[in-house]
Amino acid sequence: MYIPRRYEEKDKDSIYSFIRENSFAILISVLDGRPVGTHIPLKLETGEKDALVGHISIGNEQKHTLTEGASVLAIFPGPHAYISPRWYTTMNVPTWNYLSVHVYGTVRLMEGEALREALSRLIDTYESHMPHPVHMQEIPEKMLEDNIRGIVGFRILIDEIQAARKMSQNRDDQSYRQVIDQLDQGDETARAVAAEMKKGKI
């Protein structure tokens with residue numbers, strides 16, 4: 001991903017927090033010379049080798065690219081918003097503010113108990129905020145087994161991370177505040193960008 005130096009995010013904790021908060025990713029690989037992608041949740045797991053854990057349907061043609069040792073790209077998009085030049089103290093060109101993380105990694109396939117444990121952790125992660133969380137052991141075993149047979153599970157060992165945080169850092173302080181004020185009057189996504197800008201120029 002092309003990232004001008006002033007917009008490059010390098011803080012690992014901030015990047016990992018972003019991935020966890022925006023975990024519905026786009027997994028990109030190449031099939032017969034043509035890029036293919038799938039929108040799926042990818043769970044970040046840290047350890048001796050940090051990894052993204054996920055699965056796709058066995059009916060998805062992208063499964064043919066997810067072979068042991070294959071290279072893939074996971075894109076984690078964040079909030080974004082159009083920025084009008086009228087929001088600056090002096091006229092300039094329009095632009096777009098956004099947050100995005102690209103993760104390059106190496107595929108390791110998962111089967112059997114390792115896959116079941118990964119699915120259990122995935123369910124626990126997304127159920128944790130529910131008033132009455134569901135745990136995997138509550139799902140009927142036959143239904144669970146039928147569904148597990150219908151997926152391809154994998155870990156993506158993280159090789160490289162590229163993170164962009166383009167949030168009007170290059171503007172003067174008054175323009176910066178005016179952009180925030182205007183975004184605060186917009187839709188939910190625009191307000192999310194304003195909230196990120198309120199953290200300050202990084």
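Quick note: the coordinates plus some simple rules give every number you see, no bench work behind them. Since this is a predicted model, take the numbers as computed values, not measurements. Heads up, the Cβs are rebuilt from the backbone with ideal geometry, glycines too, and the neighbour counts pull from every protein chain shown.
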Residues in the stretch 50-70 reached by a label modelled at V36 [backbone nitrogen below 18 Å; 7 Å Cα→Cβ]: 54-70
Gaussian network model of the chain, springs between alpha carbon atoms under 10 Å - residue of I148, I40, I123 with greatest fluctuation: I123
Scattering curve values for the chain, log₁₀ I(q)/I(0), Debye with Cα scatterers, q = 0.08, 0.13, 0.18 Å⁻¹: -0.35, -0.81, -1.20
Angle between the chain longest axis and helix 188-197 axis [Cα atoms, degrees, rounded to 10]: 70
Long-range HN-HN contacts of L44 with modeled amide H, under 5 Å: V53
Cut-off under 5 Å, modelled amide H: who pairs with A70 long-range: V107
Largest-first principal axis extents of the Cα set of the stretch 72-188 (Å): 64, 36, 20
Partner lysines for K49 [C-alpha distance under 24 Å; skip if fewer than 8 residues away on the same chain]: K10, K12, K63
J(HN,Hα) series, the stretch 68-78, from Karplus relation 6.51 cos²θ - 1.76 cosθ + 1.60, nearest Hz, glycine and proline x: 4, x, 5, 9, 9, 10, 10, 10, 10, x, x
Listed residues G78, G47, G59, most fluctuating in the chain (Gaussian network, C-alpha, under 10 Å): G47
Tensor-based shape of the stretch 121-192 (alpha-carbon gyration tensor, a/c under 1.5 rounded, otherwise prolate or oblate): prolate
In degrees, nearest ten, helix 173-183 long axis to first principal axis of the chain (Cα): 60
For the stretch 1-116, the Rg and Dmax computed from alpha carbons only, in angstrom: 17.5, 61
Choice from M136, M110, M91 showing the highest fluctuation, given a GNM over the chain with Cα pairs closer than 10 Å: M91
Which of I15, G105, Q185, positive extreme of dipole for the chain (C-beta unit charges): Q185
Point-charge dipole on Cβ atoms (K/R +1, D/E -1) for the chain, about Cα centre, debye to 20: 800
